[in-house]
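Worksheet: the structure to be examined is printed underneath.
FYI, it's all coordinate maths here, none of it is from the lab. Since the model is a prediction, treat every value here as computed from it, not as a measurement. Positions of Cβ are backbone-derived with ideal geometry, glycine not excepted, and every protein chain shown enters the neighbour counts.
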Amino acid sequence: APAAPAPAPAAPAAPAPAPAAPAAPAAAAPAPAPAPVQAAAPAAPAPAPAAPAPVTPAPAAPAAAKATDEGAYVTPLVRKLAAENGVDLSTVKGTGVGGRIRKQDVIAAAEAAKAAAPAPAAAAPAVGAPKKAPVLEVSPLRGQTIKMPRIRKVIGDNMVKALHEQAQLSSVVEVDVTRLMKLRGKAKDSFAAREGVKLSPMPFFVKAAAQALKAHPAINARINEADGTITYFDSENVGIAVDSEKGLMTPVIKNAGDLNIAGIAKATADLAGKVRANKITPDELSGATFTISNTGSRGALFDTIIVPPNQVAILGIGATVKRPAVIETEEGTVIGVRDMTYLTLSYDHRLVDGADAARYLTAVKAILEAGEFEVELGL
């Protein structure tokens with residue numbers, strides 16, 4: 001009987017849930033703002049939507065920190081790349097999903113900025129620098145009257161005689177010597193070591209001119225006025241006009257048509273050296289059947305040279321300059337920078353017609369442009 005009262009005090013434990021009723025109004029207190037009518041019933045579910053609320057804003061904050069002014073997400077790598085290249089991300093249009101800026105977009109923006117930079121303007125002064133006028137020395141001959149040197153009188157008499165006795169005119173062709181100049185550049189060092197002379201462009205022109213004379217005998221001939229005949233020579237004795245202190249002299253390369261590039265180079269160097277050393281002999285100055293004058297060595301673009309007496313033609317070589325030219329290739333017509341020169345043929349129209357001159361010049365041009373000198377140069 002005394003044990004029965006022990007469970008009785010356990011009964012008050014049941015009322016413990018009763019105080020929980022006031023807790024419901026506490027949770028429901030914010031509920032009246034959206035739905036005051038359901039304050040009591042939805043008290044239990046009300047906290048459920050509140051739980052995700054703190055989770056959603058948490059990732060939103062970092063996303064905003066890595067967005068551009070337009071709100072597009074940018075990775076740290078892209079931001080670093082933009083900073084290194086000085087690219088303003090607000091000016092970059094993203095090509096990724098949803099307008100996202102990729103590293104390729106930053107690289108493209110950096111390259112576009114470099115291309116737009118006015119770098120050529122800074123280089124402009126360098127272009128004008130070479131145009132500075134040279135300092136010219138006043139000649140001691142200025143203001144003097146002197147006796148004409150004998151060699152000048154001989155040259156003058158011969159030139160006047162040639163012009164008075166011949167019907168002279170000139171034809172010109174343009175020649176692309178790019179391949180020839182590349183071959184020369186490739187071979188000149190080994191050539192000088194092997195042959196003992198420098199390889200200038202001149203031997204190539206002499207070689208081409210002499211070879212073409214064999215096929216065009218009217219250019220390598222002489223009019224014999226006394227007996228009314230024409231002599232077509234069987235050898236190509238090419239005179240080379242050399243500028244010396246005494247005046248223009250023309251030593252002769254005998255049988256130039258039978259010489260290779262090395263032979264012509266040696267003969268040219270030997271004769272020019274003798275002229276400048278005043279050791280040339282009369283025999284070395286006579287017997288020319290054709291003459292070549294390299295006025296381009298002094299920068300002349302081309303010249304209308306005078307045909308010497310007892311000859312019917314002379315070839316003038318102009319300066320070789322780089323300039324744009326139209327080139328025919330297997331892919332089509334293109335424009336490129338080429339080494340170009342003019343060849344002028346002055347001739348006596350009494351024997352040589354314009355068509356003859358054109359055919360000869362075209363033959364010389366073809367030989368030079370083909371530039372098939374590898375074997376002779378040891379390439």
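Being touching a strand residue (DSSP E or B) at 6+ places or on another chain (Cβ under 7 Å), over 18 Å from SER235 (Cβ atoms) and crowded, with 21+ Cβ neighbours inside 10 Å is a property that holds for ALA357. Only strands (runs of 3 or more DSSP E) whose full extent lies in the stretch 194-276 are considered here, and the ones with at least 2 residues that are closer than 19 Å to PRO309 by Cβ and among the aliphatic types (A, V, I, L, M) are 221-224, 238-240, 247-249.
Suppose we keep only residues that are assigned to a helix (DSSP H, G or I) and out of contact with any strand residue (DSSP E or B) (no Cβ under 8 Å at 6 or more places or on another chain) within the stretch 360-379. Which one would you say is surrounded by the fewest Cβ atoms within 10 Å (Cβ to Cβ)? Filtering first and then ranking leaves VAL375. Restricting attention to the stretch 298-345, the residues that are under 24 Å from the mean Cα position of the chain (by Cα) and among the aromatic types (Phe, Trp, Tyr) total 1. Exactly one residue out of ILE314, ILE240, ILE292, ILE253 is touching a Leu at 6+ places or on another chain (Cβ under 6 Å) and within 22 Å of PRO201 (Cα to Cα): that is ILE292.
Of everything in the stretch 132-158, what is assigned to a helix (DSSP H, G or I) and surrounded by fewer than 16 Cβ atoms within 10 Å (Cβ to Cβ)? Give them in sequence order. Show your work before the answer.
To start, the set of residues in the stretch 132-158 that are assigned to a helix (DSSP H, G or I) comprises 150-158.
Answer for the stretch 132-158, where residues must be assigned to a helix (DSSP H, G or I) and surrounded by fewer than 16 Cβ atoms within 10 Å (Cβ to Cβ): ARG150, ILE151, ARG152, LYS153, VAL154, GLY156, ASP157, ASN158.
For the stretch 159-188, the tally of residues that are part of a strand (DSSP E or B) and within 22 Å of the chain's Cα centre (by Cα) stands at 3.
Whenever a residue of the stretch 173-191 is in contact (Cβ under 8 Å) with a residue 12 or more places away in the chain, its partners that are polar (S, T, N, Q) and in a helix (DSSP H, G or I), lying with C-beta atoms within less than 7 angstrom and at least six residues away or across chains, give the pairs VAL173/THR362. Within the stretch 281-298, being β-branched (Val, Ile, Thr) and surrounded by 13 or more Cβ atoms within 10 Å (Cβ to Cβ) holds for THR289, THR291, ILE292, THR295.
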